[in-house]
């Protein structure tokens with residue numbers, strides 16, 4: 001059966017370059033980067049080459065890249081590390097109600113620890129109004145954390161407004177951006193935009209699972225969460241996972257021009273949107289100006305898991321929301337205040353540069369059949 005993979009916001013198929021890098025670093029350059037011998041020196045060179053590749057893809061400096069085990073660890077390190085470093089200068093933290101669980105849950109933990117955490121509400125399309133950020137940020141604010149792109153509906157958040165709000169309020173706040181869904185899709189340039197901390201992950205750009213990075217702007221100090229041997233400037237100690245890190249660098253090197261890929265993906269997104277408009281009872285939940293890589297819609301009267309299973313049997317793979325939610329009702333769509341039946345039937349389609357029109361057509365055909373048969377069964 002032909003496979004049509006449209007769940008790229010959950011994870012992507014590793015590209016050939018990443019797979020080759022893993023193999024080489026597991027079979028040839030397998031030394032510890034801290035070892036003072038030939039294999040160790042070779043591993044150290046591979047480590048720094050990967051760091052340079054990731055930095056280049058992010059428009060950052062290599063010294064600003066700290067490797068982690070993925071986006072979740074990087075988000076936790078940024079949020080807890082910033083709060084600990086700045087706690088003597090204030091107690092307010094500003095974030096949104098539509099963040100990924102790896103941001104949302106640490107924020108709730110900080111709230112329980114006594115910090116004042118403001119969760120900004122989105123509008124019905126998933127947008128965060130810049131005005132709400134300006135109202136929330138004051139001189140007591142020590143951290144502002146916004147995702148660049150929402151992982152469920154694809155809305156683009158006003159990062160630049162957050163930087164302006166911090167400056168206008170003369171707040172001691174660090175600005176953290178979870179860019180896991182934006183990296184490799186949007187030009188980010190964190191240093192030029194006044195972003196202090198930025199999270200990225202390899203497995204969203206056709207790299208391996210288990211590795212990510214935290215951008216820490218030069219001169220920014222946060223407190224480490226782990227103590228150990230001093231690797232990664234002691235911010236994230238532990239022997240580096242070189243096969244994964246090397247593959248991360250290779251995946252970054254393999255990224256095509258952003259505009260080229262976005263144009264292709266936008267055409268696929270438009271093809272699916274047009275097809276959805278012809279299906280009875282289907283409602284699109286993503287805003288018109290969402291990042292085209294993500295398209296969220298509600299599948300009429302068919303519950304999401306039922307339709308997801310039906311599509312999967314036909315070789316079409318989509319998601320019923322964030323993969324980390326494991327089937328729980330979407331807190332993002334609840335924050336958008338959608339009707340419960342619309343939330344319960346919501347599916348997320350997410351594209352990559354490897355998707356084709358055939359993938360879109362297989363999805364639309366499967367949905368059409370599913371709506372005819374499942375809604376009346």
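See the values below:
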| quantity | calculated |
| --- | --- |
| Residues located in segment 159-189, provided they are assigned to a loop (DSSP other than H, G, I, E, B) and crowded, with 18+ Cβ neighbours inside 10 Å | 171, 173, 179, 180, 181, 182, 183, 184, 185, 188 |
| Test: residue in segment 67-77 that is in contact (Cβ under 8 Å) with a residue 12 or more places away in the chain and surrounded by fewer than 19 Cβ atoms within 10 Å (Cβ to Cβ) | yes |
| Identity of the residue in segment 264-301, at pLDDT 95 or above, assigned to a loop (DSSP other than H, G, I, E, B) and more than 22 Å from the chain's Cα centre (by Cα), that ends up surrounded by the most Cβ atoms within 10 Å (Cβ to Cβ) | 279 |
| Exclusive hit being within 16 Å of the chain's Cα centre (by Cα), within 24 Å of residue 44 (Cα to Cα), modelled with pLDDT of 95 or more and surrounded by 14 or more Cβ atoms within 10 Å (Cβ to Cβ), set 241, 202, 250 | 202 |
| Hey, residue 337 not assigned by TED's automatic domain parsing to the domain that holds residue 204 and not in a helix (DSSP H, G or I) or not | yes |
| Out of 272, 318, 294, 284, sole residue that is free of Cβ contacts under 8 Å to residues at least 60 places away in the same chain and in contact with a strand residue (DSSP E or B) (Cβ under 9 Å, 6 or more places away or on another chain) | 284 |
| Sole residue being within 30 Å of residue 111 (Cβ to Cβ) and at pLDDT 95 or above, chosen from 64, 28, 17, 48 | 64 |
| Conditions (1) in a loop (DSSP other than H, G, I, E, B); (2) in the same structural domain as residue 358 (by TED's automatic domain parsing); (3) touching a helix residue (DSSP H, G or I) at 6+ places or on another chain (Cβ under 8 Å): number failed by residue 218 | (2) |
| Of all residues in segment 196-215 being touching a strand residue (DSSP E or B) at 6+ places or on another chain (Cβ under 7 Å) and not in a strand (DSSP E or B), the one that is farthest from residue 81 (Cα to Cα) | 202 |
| Given (1) loosely packed, with under 15 Cβ neighbours inside 10 Å; (2) closer than 23 Å to residue 73 by Cα, number of the condition residue 129 does not satisfy | (2) |
| Filter result for the condition that a residue is closer than 25 Å to residue 124 by Cα and either touching a residue at least 60 places away in the same chain (Cβ under 8 Å) or touching a helix residue (DSSP H, G or I) at 6+ places or on another chain (Cβ under 8 Å) (or both), over 308, 367 | 367 |
| Members of segment 253-263 found to be surrounded by 14 or more Cβ atoms within 10 Å (Cβ to Cβ) and part of a helix (DSSP H, G or I), listed by number | 253, 258, 261, 262 |
| Residues (outside any helix (DSSP H, G or I) and in contact with a helix residue (DSSP H, G or I) (Cβ under 6 Å, 6 or more places away or on another chain)) located in segment 94-107 | 94, 95, 97, 98 |
| Residue within segment 112-119 that is modelled with pLDDT of 95 or more, crowded, with 24+ Cβ neighbours inside 10 Å and in contact with a helix residue (DSSP H, G or I) (Cβ under 9 Å, 6 or more places away or on another chain) present | no |
| Among (1) surrounded by fewer than 23 Cβ atoms within 10 Å (Cβ to Cβ); (2) touching a helix residue (DSSP H, G or I) at 6+ places or on another chain (Cβ under 7 Å); (3) within 26 Å of residue 68 (Cβ to Cβ) - the single one residue 134 does not satisfy | (3) |
| Segment 312-337 - residue that is closer than 18 Å to residue 300 by Cβ and crowded, with 20+ Cβ neighbours inside 10 Å and, of those, modelled with the lowest pLDDT | 321 |
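Residue-by-condition table, conditions (1) at pLDDT below 95; (2) closer than 26 Å to residue 240 by Cβ; (3) outside the structural domain of residue 138 (by TED's automatic domain parsing):
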position	(1), (2), (3)
39	yes, yes, no
72	no, yes, no
78	no, yes, no
85	no, yes, no
91	no, no, no
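Residue-wise test of (1) without any contact (Cβ under 8 Å) to a residue 60 or more places away in the chain; (2) farther than 15 Å from residue 55 by Cα.
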{"residue": "177", "(1), (2)": "yes, yes"}
{"residue": "221", "(1), (2)": "no, yes"}
{"residue": "238", "(1), (2)": "yes, yes"}
{"residue": "255", "(1), (2)": "no, no"}
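Listed here are the residues, each with its yes/no results for (1) under 30 Å from residue 332 (Cβ atoms); (2) assigned to a helix (DSSP H, G or I).
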| site | (1), (2) |
| --- | --- |
| 22 | no, yes |
| 44 | no, yes |
| 51 | no, yes |
| 56 | no, yes |
| 67 | yes, no |
| 76 | yes, yes |
| 80 | yes, yes |
| 84 | yes, yes |
| 87 | yes, yes |
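The values are calculated or read from the model by the stated rules, or taken from the named source; none is laboratory data. If you're wondering where the values come from, they're calculated on a predicted model, not measured in any experiment. Ideal geometry is used to build each Cβ from the backbone, glycine not excepted, and the neighbour counts take in all protein chains shown.
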